[in-house]
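This report concerns only the one structure given below.
Derivation of every value follows stated rules applied to the coordinates shown; laboratory data play no part. Model, not experiment: these values are computed from the prediction. Note: ideal-geometry Cβ built from the backbone for every residue, glycine included; neighbour counts use all protein chains shown.
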């Protein structure tokens, strides 16, 4: 894979359309509608598109804070953050993440990250290995195929939508990956990273309607 400072989106698009890869896209999530439907006493709590993008930017740099159910505590770090002439940002991050089909096990995931502030999309390109900021070679785990992800925000300012796409650089002959992500897409409530942003950044309480 030939990565440069600003071709992350092209790499993702090529992988998404490559025959033999496994591409999965969730329906855009209307976060305010889910808030109203799934949580108690949130009449005055709404998220704007600006806030949702702020959440994505913060999550990209600190996935351990925003998706602790995925990231093993103490393993996430990033380096090399730079702002390009376009105003977009790039950096590299590494963490130990739960394997999709073996959630009791973790694997090292290396990602080249691209923050596109104009389109409000974050592209994560999975890498097989990288040299970190201290000159050490880090190698990704082989417990599952490499994958690329795009998180984004769409919709209007007062009705923001959270978007999510993933492509695995391998086929899904058994259908196990498709089943896993279908179950993820059907989960009730907001994703944990949106809940974290509301509770710990906006300092607002959340109680699910079906919580005991």
Check your understanding: If you check 20, 107, which single one turns out to be surrounded by fewer than 18 Cβ atoms within 10 Å (Cβ to Cβ), out of contact with any strand residue (DSSP E or B) (no Cβ under 6 Å at 6 or more places or on another chain), touching a residue at least 12 places away in the same chain (Cβ under 8 Å) and part of a strand (DSSP E or B)?
Key -> 107
Point to revise | Checklist (1) free of Cβ contacts under 8 Å to residues at least 24 places away in the same chain; (2) closer than 28 Å to residue 206 by Cα applied to residue 131, failing item | key: (2)
Exercise for review: Tally the residues that are part of a loop (DSSP other than H, G, I, E, B) and more than 15 Å from residue 163 (Cβ to Cβ), restricting the search to segment 119-140.
Suggested key: 7
Point to revise | Selected residue [touching a residue at least 12 places away in the same chain (Cβ under 8 Å) and crowded, with 19+ Cβ neighbours inside 10 Å] from 117, 151 | key: 151
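Report whether or not residue 126 is under 27 Å from residue 52 (Cβ atoms), surrounded by 12 or more Cβ atoms within 10 Å (Cβ to Cβ) and over 17 Å from the mean Cα position of the chain (by Cα). Explain how you work it out, then say what you get.
Details: under 27 Å from residue 52 (Cβ atoms): yes; surrounded by 12 or more Cβ atoms within 10 Å (Cβ to Cβ): yes; over 17 Å from the mean Cα position of the chain (by Cα): no.
In short, no.
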Exercise for review: Would you confirm whether any residue within segment 78-101 is over 15 Å from the mean Cα position of the chain (by Cα) and within 29 Å of residue 173 (Cβ to Cβ)?
Suggested key: yes
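Can you pull out every residue in segment 181-201 that is in a loop (DSSP other than H, G, I, E, B) and loosely packed, with under 15 Cβ neighbours inside 10 Å?
Of the residues in segment 181-201, the ones in a loop (DSSP other than H, G, I, E, B) are 186-191.
Listed by number, the residues that qualify are 186, 187, 188.
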